[in-house]
Amino acid sequence: MEYNTCEGNAMIVCTYVDHLDEAILAKEAGVNEVILGNMLFSRFGKISPKRYSEFCREVKNLNLRVVFDWDILMTEKVFQQRKSEIQSINWECVDAIRVQDPGALYWIKNNLPDMPIQLLTETGNHNLVGLKKWKEIAGPQLERMILSIELPKQKLSEYIDALDVPVEILVAGRILLFYTPRNLISPYILDHDDDKTKAAMESSYELEGSSEESPHKGFPLLENLHGTFMFNTKDQFLLDHCVELQEMKLAVARVDFRHIKDNSFLVKAVNALRSPISSTIHPLKDDYPNPIIRGFFHVNKSDVLFKKLKNQRTQRNDKNYIGDVLDVKKKKHLGIMVKSKDIGLQIGDNLILKTPDGKEKELIISDLRNSNGESIESASINSIAFINHVSGVSVKTRVYRHE
């Protein structure tokens with residue numbers, strides 16, 4: 001595989017480590033910065049509070065930049081419970097804090113005024129006005145902003161220029177789709193024994209889920225002491241677009257391989273980011289062990305789904321189609337939603353009603369009323385009208401004018 005080192009400064013590469021051997025591997029691979037997850041403050045961190053400060057010191061001795069991961073959202077009650085833990089951390093071995101919770105941000109600014117802040121704005125921050133406001137709130141301690149992977153390339157490039165602060169995005173790793181503080185897995189695999197419940201608080205469980213509404217399956221599900229997380233079946237993967245990332249002046253590329261057993265891929269990822277591949281003869285994606293997706297990077301496809309949501313089998317283009325039955329009151333009326341822009345309902349119309357179970361009924365409109373119960377002569381598109389009842393007709397019956 002041939003590499004071509006582009007002009008300009010290389011991107012900083014950061015990743016997560018939970019064990020010293022992982023930190024050593026990251027150092028050998030050329031990683032600049034490692035994110036250490038204290039299990040009380042990091043969504044997926046596995047480092048125990050008792051071990052954390054000493055572990056930071058050991059990693060720091062490897063000449064790696066150490067970042068404290070505070071990416072959980074906390075209620076005031078939880079924060080007060082863990083306040084003593086955060087005050088006991090040896091902050092001299094920490095180079096920066098990445099934070100998402102506004103309350104945690106406020107605490108850092110007031111208690112660690114010299115600590116650089118990496119602000120997580122990955123969720124719910126897709127407009128430049130909002131991002132600039134968060135930058136203002138973070139103040140002079142802000143050293144980096146972590147932006148959403150839902151920003152397409154053009155928008156991301158625009159934001160990098162406009163924010164005038166180093167920007168980071170997830171270049172490769174799991175995509176979080178859903179989070180709840182509730183435990184959705186353990187109740188189904190554990191009984192109510194107190195010892196097991198306590199053990200569950202100190203453990204994590206990972207399964208795969210499927211959708212009841214679609215054929216999609218294989219969604220990774222993870223439960224730990226912070227709650228339950230669901231991920232996309234495909235990983236975010238932009239390692240084949242490193243040249244584009246460098247051209248838009250992305251400052252920091254984050255890779256998250258905590259769910260991958262093959263540690264060797266980290267070296268390939270760092271090489272690709274440090275010296276972007278100029279040839280696609282051997283795409284790096286061929287070596288990646290999981291299904292991948294480039295997400296929104298080349299285009300925001302969120303509006304593409306709208307057409308798919310409209311089931312074409314229910315979009316009626318039949319000749320003489322008027323609308324559907326929405327309401328049935330036995331011996332009183334049929335409520336009809338008029339959907340045709342060309343054909344409406346009128347007194348004296350001869351209708352054919354096709355029920356969901358395949359039956360056909362004929363009816364002549366002798367009574368036509370609006371939703372207020374007032375008699376009307378006709379009803380047009382997007383209106384709901386009530387006509388005289390006929391037996392054997394149910395909701396979702398299709399209504400046609402008899403030729």
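Quick one: accessible area per residue over the chain, 1.4 Å probe, rounded to a whole number of Å²?
Working: 22390 Å² over 403 residues.
Per-residue value: 56 Å².
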(request) Could you check the simple spin-label distance between Asp342 and Glu206, using points 7 Å along Cα→Cβ, in nm with one decimal? (result) 5.8 nm
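Given the Cα-Cα distance of Ser275 and Ile189 and 0.36 nm per residue of separation, how much length would full extension add, in nm? If you can, show how the numbers build up before the last one.
Values: separation 86, 0.36 × 86 = 30.96 nm, distance 4.65 nm.
In short, 26.3 nm is gained.
Calculate, in nm to one decimal, what Lys27 and Glu403 gain on full extension: separation in residues at 0.36 nm each, minus their alpha carbon distance. It would help to have the intermediate numbers written out before the result.
Details: separation 376, 0.36 × 376 = 135.36 nm, distance 7.92 nm.
Here the answer is 127.4 nm.
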(request) Using every pair of alpha-carbon atoms in region 1-123, split the distances into 10 Å bins beginning at 0 and state the percent of pairs per bin, rounded to integers. (result) 12, 43, 30, 11, 3, 0
(request) Report the residue, chosen from Ser148, Ser378, Ser275, that carries the largest GNM mean-square fluctuation when the chain is represented by alpha-carbon nodes joined by springs under 10 Å. (result) Ser378
(request) Work from the charge dipole of the chain (Cβ charges, +1 for Lys and Arg, -1 for Asp and Glu, about the Cα centre) and give the residue of Leu266, Thr15, Met337 farthest towards its positive end. (result) Met337
(request) Mind ranking Leu176, Leu221 by accessible surface for me, highest first, 1.4 Å probe? (result) Leu176, Leu221
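Classify region 75-197 as rounded, prolate or oblate from the Cα gyration tensor: take a ≥ b ≥ c as the square roots of its eigenvalues, call it rounded if a/c is under 1.5, otherwise prolate when a/b beats b/c and oblate if not.
Values: a/c = 2.51, a/b = 1.37, b/c = 1.83.
Since a/c reaches 1.5 but b/c is at least a/b, the shape of region 75-197 is classed as oblate.
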(request) Decide, for the chain, between rounded, prolate and oblate: order the square roots of the alpha carbon gyration tensor eigenvalues as a ≥ b ≥ c, take rounded if a/c falls under 1.5, and otherwise choose prolate if a/b is larger than b/c, else oblate. (result) prolate
(message) Which of Ser204, Ser391, Ser84 ends up with the largest GNM mean-square fluctuation for the chain, with Cα atoms connected below 10 Å?
(response) Ser391
(request) With a ≥ b ≥ c taken as the square roots of the eigenvalues of the C-alpha gyration tensor of region 55-147, please select rounded if a/c is under 1.5 and otherwise prolate if a/b is larger than b/c or oblate if it is not? (result) oblate
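The values are calculated or read from the model by the stated rules, or taken from the named source; none is laboratory data. Because the structure is predicted, anything quoted here is derived from the model rather than measured. Here Cβ is always computed from backbone atoms with ideal geometry, including for glycine, and neighbour counts include all displayed protein chains. Accessible surface is based on the protein model in full, side chains and every heavy atom, while ligands, DNA and RNA are left aside. Shrake-Rupley method; radii C 1.70, N 1.55, O 1.52, S 1.80 Å.
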